[in-house]
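Novice: Right, I'll just put the structure down here and ask away after.
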Amino acid sequence: MQRLREVARRIVEDVDTPAGRAFDLAVQALIVLSLVLYSLETLPGLSHATRRALRWGELVTVGLFTAEYLLRAAVAKPTRTYVFGVFGAVDLLSILPTLLAAGFDLRALRALRLLRLFRVLKLVRYSAAARRFALALKIAREELVLFLGAAGVVLFLAAAGIHHFEHEAQPEEFASIFHSLWWAVVTLTTVGYGDVYPMTIGGRLFTFLVLVVGLGVVSVPAGLVASALSEARRMEADIREPATMRAEADVRTGA
C-alpha cells in the first residue's frame with residue numbers, strides 16, 4: 001500500500017515525469033471542458049435535451065474532480081498542506097456546491113485552477129515575476145493599507161455629500177447614505193454608469209469635485225505598485241550581482 005501511495009504521489013505531484021505531466025495536463029483539459037460546459041449552460045433558449053446533456057457532463061466532471069481532490073489529499077505530505085492550502089480550498093469550493101446540491105454556484109472558481117499551468121509548463125520566468133509582484137505588494141503594504149483607509153473615508157464623505165444635495169430632488173435614488181453609496185462608488189472609480197446622476201446645481205458641483213478626487217483614487221494604487229515593482233527589481237539585481245561576480249571569479253580561478 002505504501003509503495004502504491006508513493007507511485008500515486010509521484011504521478012500527482014511530480015511534473016518532471018512523463019506520467020506526472022500527462023496527469024496534470026489531463027486535469028487542465030478537464031478544467032477547460034468544465035468551464036465550457038458551465039458557460040454553455042448560461043445560453044438562453046437551450047432545449048431540454050441540451051440542458052440535460054450539459055447537466056450529465058457537469059456530473060461526470062464533478063465526479064472526476066472529486067476523485068482528483070481525494071487523491072491529492074491522500075498523497076499530500078502532510079495532508080493538511082493541500083487541504084488547507086490555496087489550491088486545495090479552490091478545488092473543494094469548486095465542487096462542493098454541486099455535491100451538496102446547494103443553491104449557489106462556484107464553478108467559475110475552477111478557472112483559478114488553470115494557474116497550475118505555470119508549474120506544469122515550467123514557466124520559471126512567470127514564477128519569478130509572481131514572486132517579484134508579491135515582494136512589491138509587501139514593500140508597499142503600509143502605503144496601500146493607508147490609502148485604502150483614506151479611500152473608505154472619502155467614499156463615505158462622497159455618499160453623505162450627494163445625499164445632502166440630492167435627497168430632496170431625488171428621494172428614491174438618494175433615499176439614504178446607504179442608497180448613495182452606489183453613486184459614490186461608480187463616481188469615485190470614474191466608471192459613471194449614468195443610472196443615477198445629480199440634478200441640482202449643488203449636486204453637480206459636488207460631483208465635479210468627487211470626479212477630480214476619483215482620478216487620484218484610481219491612479220495612486222497603480223503608482224504605488226509600480227514604484228514598489230521597481231524597488232523589487234533593484235533588490236533582485238543587488239542579490240544577483242554578487243552571485244554573478246563570484247561565479248565569474250570561480251571561472252577565472254579555474255582557468
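The values are calculated or read from the model by the stated rules, or taken from the named source; none is laboratory data. Just so it is clear, the model here is predicted, and its values are computed rather than measured. No Cβ is skipped: glycine too gets one built from the backbone with ideal geometry, and neighbour counts run over all protein chains shown. Only protein heavy atoms, including side chains, enter the accessible area calculation; ligands, DNA and RNA are left aside. Shrake-Rupley method; radii C 1.70, N 1.55, O 1.52, S 1.80 Å.
Novice: Kindly indicate the residue of the range 27-48 that is over 23 Å from the mean Cα position of the chain (by Cα) and among the small types (Gly, Ala, Ser) and also surrounded by the fewest Cβ atoms within 10 Å (Cβ to Cβ) among those meeting that condition.
Specialist: Gly45
Novice: List pairs: first residue in the range 210-223 and free of Cβ contacts under 8 Å to residues at least 12 places away in the same chain, second residue open to solvent by less than 60 Å² (accessible area, probe 1.4 Å) and assigned to a helix (DSSP H, G or I) anywhere in the structure, Cβ distance under 6 angstrom, at least six positions apart or on different chains.
Specialist: Matching pairs, first to second residue: none at all.
Novice: List, please: which pairs have Cβ atoms under 7 Å, are six or more places apart or on different chains, and start with a residue in the range 188-206 that is among the polar types (S, T, N, Q) and end with one that is part of a helix (DSSP H, G or I) and open to solvent by 50 Å² or more (accessible area, probe 1.4 Å)?
Specialist: That search, which allows pairs on different chains as well, returns Thr189/Val218; Thr190/Leu211; Thr190/Leu215; Thr190/Val218; Thr200/Phe165.
Novice: For the range 161-212, give me each residue that is in contact with a Ser or Thr (Cβ under 9 Å, 6 or more places away or on another chain) and exposed (fewer than 11 other Cβ atoms within 10 Å of the Cβ).
Specialist: Glu168 - this is the single residue of the range 161-212 that is in contact with a Ser or Thr (Cβ under 9 Å, 6 or more places away or on another chain) and exposed (fewer than 11 other Cβ atoms within 10 Å of the Cβ).
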